[in-house]
1. Considering only residues that are without any contact (Cβ under 8 Å) to a residue 12 or more places away in the chain and polar (S, T, N, Q), which ones fall in segment 78-105?
2. Kindly check whether there is at least one residue in segment 67-77 that is touching a Leu at 6+ places or on another chain (Cβ under 9 Å), β-branched (Val, Ile, Thr), surrounded by fewer than 18 Cβ atoms within 10 Å (Cβ to Cβ) and modelled with pLDDT of 95 or more.
3. When you scan segment 1-103 for helices (runs of 4 or more DSSP H) that lie fully inside it, which ones turn up with 3 or more residues that are farther than 16 Å from residue 135 by Cα?
4. Take residue 87 and decide whether it is of a type in the set (A, V, I, L, M, F, W, C) and in contact with a Phe, Trp or Tyr (Cβ under 7 Å, 6 or more places away or on another chain).
5. With respect to residue 27, is the statement that it is surrounded by 21 or more Cβ atoms within 10 Å (Cβ to Cβ), in contact (Cβ under 8 Å) with a residue 40 or more places away in the chain and either over 17 Å from residue 139 (Cβ atoms) or among the polar types (S, T, N, Q) (or both) true?
6. If I go through segment 122-158 residue by residue, how many of them are exposed (fewer than 13 other Cβ atoms within 10 Å of the Cβ) and modelled with pLDDT of 50 or more?
7. If residue 63 passes every condition in (1) over 15 Å from the mean Cα position of the chain (by Cα); (2) buried (at least 19 other Cβ atoms within 10 Å of the Cβ) but one, which one does it miss?
Amino acid sequence: MKEIKQKQEYIDKAQSLFDEGYACSQSILLAYGRQFNIDERTAKLISANFGGGMGRLRQKCGAVTGGFMVLGLAFGNTDPKDMETKLASYKKVRELNQMVEDIYGTSNCVELLKKHATEAEVAERKHHKIICRRVVGDVAGLLFDIIPTPNSLPFDVTQNVVMNIENTQEQKD
C-alpha cells in the first residue's frame, strides 16, 4: 500500500508542476530530480526546451523525453567506454517508450494531439488538460515502476551525479 501511495505522490507532483505551467518535460524531471540530488534550477533548465514534442516541433512527446532524462540519471553511464551500462540504459529508454505506445498508440506529440484533441482545442491550448496532463501522469507512474527505490539502485546516485559534473568540468578546463 505504501508503494502505491509513493507512486501516486510522483504522479501528483508531476501533474501539479504541469498545472503550474512547467513544460511536460520539466514536470517529469522536476518530480524526480530530488531523488537524484539534481538541483531544481538545473533540472528546469536542462528540460526546458523539450516540451511540445522537442521545442514545439511536435516530435517525441516532452513527457517521454523528460522520462528519458530521469532514466539517464537512474541508469546512465558516466564512462564513455562502459557500453554495457550505456546499452542497458538505452534498453530502459525503449521500455518506457514502448509502455507509452502501448497506452496511447504513439509517443509522438503530434500524433497524440491528433488522436485526443481537435485542431481548435490545440490552437486554444486546451490540449494540455485533454491529453498532455494525462500523459505526464502516466509517464511519472511508469517511471516509478521502472526505477528501483533509491536504496536499491546499483550505484550511489549522488556519486553518479557528482562524477558527471566533475567530468563536465574537466572537459571545460
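The values are calculated or read from the model by the stated rules, or taken from the named source; none is laboratory data. All figures in this text were calculated on a predicted structure; none of them were measured in a lab. Positions of Cβ are backbone-derived with ideal geometry, glycine not excepted, and every protein chain shown enters the neighbour counts.
1. 85, 98
2. no
3. On the way: elements: 2-20, 24-33, 40-47, 51-54, 62-75.
Per the criteria, 2-20, 40-47, 62-75.
4. no
5. Considered against the rule, which asks whether it is surrounded by 21 or more Cβ atoms within 10 Å (Cβ to Cβ), in contact (Cβ under 8 Å) with a residue 40 or more places away in the chain and either over 17 Å from residue 139 (Cβ atoms) or among the polar types (S, T, N, Q) (or both), residue 27 comes out as yes.
6. 6
7. The number of the failed condition is (1).
Per-residue answers, yes or no, for (1) farther than 24 Å from residue 113 by Cβ; (2) of a type in the set (S, T, N, Q); (3) under 14 Å from the mean Cα position of the chain (by Cα):
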site	(1), (2), (3)
4	yes, no, no
8	yes, yes, no
15	no, yes, yes
18	no, no, yes
25	no, yes, yes
30	no, no, yes
43	yes, no, yes
47	no, yes, yes
51	no, no, yes
